[in-house]
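Notes follow once the structure below has been shown.
The values are calculated or read from the model by the stated rules, or taken from the named source; none is laboratory data. Remember, predicted model here, so these are calculated numbers, not experimental data. Cβ: placed from backbone, ideal geometry, glycine included. Neighbour counts: every protein chain shown.
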Amino acid sequence: MPGNSAQSWLLKAKEDETVVSVITNAGGPYGIAAYHVQQAAEKYLKAALVSVGITPPRSHDLVQLLSLLSPDTVSEEVLDAAGSLSVFAWMTWYPGGLEIESYDLVKAQQ
């Protein structure tokens, strides 16, 4: 895949963070911002995978991506947070999905 370097994934993650910042400063829509929080986390994980020589799968499942890293580098707390954050990849993107408020977005960013 062209551009599949850790650096290229990091640049894309930063773009998602910029989108989150713009949306947050504008007062919403927080659901779209939450989607980009998940996307940034996903891209940071893919950068980590590439940096250790693993080609990342085409997946939005953060737990699956974490499972590809060495088990001793991932805590249960991180796995739990990843599971919670993964739903933002699709539950905020379509009508009838999660409604996200400002507080929820701050929690997701942590």
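Here are some notes:
- Matching residues, the range 89-110, being surrounded by 13 or more Cβ atoms within 10 Å (Cβ to Cβ) and either at pLDDT below 65 or aliphatic (A, V, I, L, M) (or both): ALA89, MET91, LEU98, ILE100, ASP104, LEU105, ALA108
- Figure legend. Inter-residue proximity from the range 72-88: first residues surrounded by 14 or more Cβ atoms within 10 Å (Cβ to Cβ), second residues of a type in the set (Asp, Glu) and at pLDDT 85 or above, beta-carbon distance below 9 Å, spacing 6+ or different chains. Indicated pairs: ALA82/ASP61; LEU85/GLU42; SER86/GLU42; SER86/ASP61.
- Within the range 22-44, tally of residues that are assigned to a helix (DSSP H, G or I) and in contact (Cβ under 8 Å) with a residue 24 or more places away in the chain: 15
- Scanning the range 63-75 for residues that are outside any loop (DSSP other than H, G, I, E, B) and modelled with pLDDT of 85 or more turns up VAL63, GLN64, LEU65, LEU66, SER67.
- Residue match in the range 30-50 (condition: at pLDDT below 95 and more than 23 Å from GLY83 (Cβ to Cβ)): no
- Output for the range 68-86, where each listed residue is acidic (Asp, Glu) and within 23 Å of ILE32 (Cα to Cα): ASP80
- Residues of the range 49-71 that are in contact with a Pro (Cβ under 9 Å, 6 or more places away or on another chain) and either exposed (fewer than 12 other Cβ atoms within 10 Å of the Cβ) or hydrophobic (A, V, I, L, M, F, W, C) (or both): LEU49, VAL50, LEU65, LEU68.
- Conditions (1) at pLDDT 95 or above; (2) assigned to a loop (DSSP other than H, G, I, E, B): number failed by HIS60: (1)
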